[in-house]
């Protein structure tokens, strides 16, 4: 049975310009006859290294994407700011259209440790379900379960290729968009989008849109496509706790000289418990309660938790037994790493001089980085620590018994679009009619800079991911299951041809 919400969405109806089901079928037929060409172009794009800090290759990526857009007849340009990767903007304008819909993706990728990869990160390799290399260039038939391995295969060059292939399919079928389309491709999302706000401020007309579709992230773990109506915010924090000014023999001075590892681990224990509950006073005060529509959507999400426990090799979970997607509606404190001393063959009987921890907070509406920073710092002080921003000198060490250096990273707030908005319903209706009834996820666990597009105008911003959930996002051997790319092409074609401009 379809949920009451999905049923209500379908009643909205689809565009008179194109039938999403027919468009998806036409795109499928076109794709089946052009798979080698699609994969060849995609492989060329994946072959360009794409770290945001690699200025030369980031420029190569931007130039390549602009050329790919221009080949489809889009009017494309590079927006530039000093010290920032270019933003590629490509427009397809429809005469008399009253609405512009923007589709966002990013072309930069996470750093790589090549020693952890089975093949080179920027030399795409196709593998079958048994992890055997496949010569897809000479294969008569492409298996949709094959996977293409390369950095950014899933995160986040796949949507770029899917959008452009969808335009090719529409042209072959004689279909045209029913509203203005604006494709926006950023080059430093994996670095925290530090210049995106400046781009939006500097280029308001070039980046204006009436609604945004964020094309980033994986589909639901059940392999069903999904619409994600929000993302948690984020802020990073590094803590350094100090011991003696030089390493000391623990036989001579253990139990007398404070050990910074012990102090740091107890400090972390004071911030969160083993269930994931954050113990910092006031941390949950600003958390927005889920709406009725969000509660209904949560109840309809397929339960895949047993499969995930098996996949991850864990027998239990945090959160006192609450469902995963319910927990994603709450803030989180994740310990990214601890560094001090050595272990194994490198271990020595030494009291180390300092211990460091790297933390990231995941925020939900209506929390912001600015609202939680003072809560965290007050908590540290309540544990008896003096906060410093630079490494302490000897005089400070002698005067203060407990010192913690606090280094805040960049971050941004959470965002969430209502499931009840006309645009929200329109997207779900198109996908359902096209044969891809979506999972409606009120918020994603990860963080995206969606809030930047809502500030001051509250435009709808909704995520539409296409990558497989097991794509090794941010890790070694990142990959894209081909069927996910094929599905993306069909749904993008349905969106492009069926999103309506408002009636007069």
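Please treat every number below as a calculation from the coordinates, not as lab data. What you see is a predicted model; the values in this text were computed from it and never measured. Positions of Cβ are generated from backbone atoms using ideal geometry, with glycine treated the same way; all protein chains shown enter the neighbour counts.
Below, the figures for the structure above:
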item	result
Cα-based Rg / Dmax (Å) for segment 20-80	14.9, 43
Relative contact order for the chain, counting Cα pairs under 8 Å that sit 6 or more residues apart, in percent	29 percent
Rough spin-label spacing in nm, given labels placed 7 Å along Cα→Cβ, for residue 318 and residue 458	3.3 nm
Rh by Kirkwood over Cα pairs, then Stokes-Einstein D for segment 189-347 at 0.890 mPa s and 25 °C, µm²/s	119 µm²/s
Cα-based equivalent ellipsoid, segment 282-397: semi-axes from gyration tensor eigenvalues, Å	36, 24, 9
Nearest-ten-degree value, helix 422-433 long axis tilted from longest Cα axis of the chain	60 degrees
Helix 260-269 vs. the chain, principal-axis angle (Cα, 0 to 90°, nearest 10)	50 degrees
Extension gain from residue 70 to residue 203, taking 0.36 nm per residue of separation minus the Cα-Cα distance	45.8 nm
Rounded Å value of the spacing that divides the Cα centres of segment 410-488 and segment 250-287	35 Å
Principal axes of segment 398-504: Cα extent on each, largest first, Å	71, 42, 18
Segment 296-410, relative contact order [Cα under 8 Å, separation at least 6], %	17 percent
Stokes-Einstein D (µm²/s) once Rh is taken as the Kirkwood radius of segment 365-426 over alpha-carbon pairs, at 4 °C in 1.567 mPa s	87 µm²/s
Potential lengthening between residue 281 and residue 40 on full extension [0.36 nm per residue; Cα-Cα distance subtracted]	81.4 nm
Debye intensity ratio in log₁₀ form over the Cα atoms of segment 204-296, taken at each q of 0.13 Å⁻¹	-0.82
Helix axis angle, 482-498 relative to the chain longest principal axis, alpha carbon, degrees	60 degrees
Label zone at residue 296 (point 7 Å along Cα-to-Cβ), backbone N below 16 Å, segment 388-426	418-426
Value of Rg/Rh across segment 329-467 [Cα atoms, Kirkwood radius]	1.15
Segment 91-165: projected area of the alpha-carbon convex hull, averaged over directions, in nm²	7.4 nm²
Value of relative contact order over segment 19-111, rounded to a whole percent, pairs C-alpha under 8 Å and six or more apart	23 percent
Per principal axis, descending, Cα span of segment 82-122 in whole Å	54, 28, 11
FRET efficiency estimate (nearest 0.05) - Cβ-Cβ, residue 358 to residue 303, R0 22 angstrom	0.10
Pair residue 47, residue 421: separation of 7 Å Cα→Cβ label points (nm)	4.0 nm
Principal semi-axes in Å for segment 184-245 [√(5λ), Cα gyration tensor, largest first]	32, 23, 9
Cα-based equivalent ellipsoid of the chain: semi-axis lengths in Å, sorted from largest, via gyration tensor	43, 26, 23
Residue 78-residue 133 FRET efficiency (beta carbon distance; Förster radius 35 Å; 0.05 resolution)	0.45
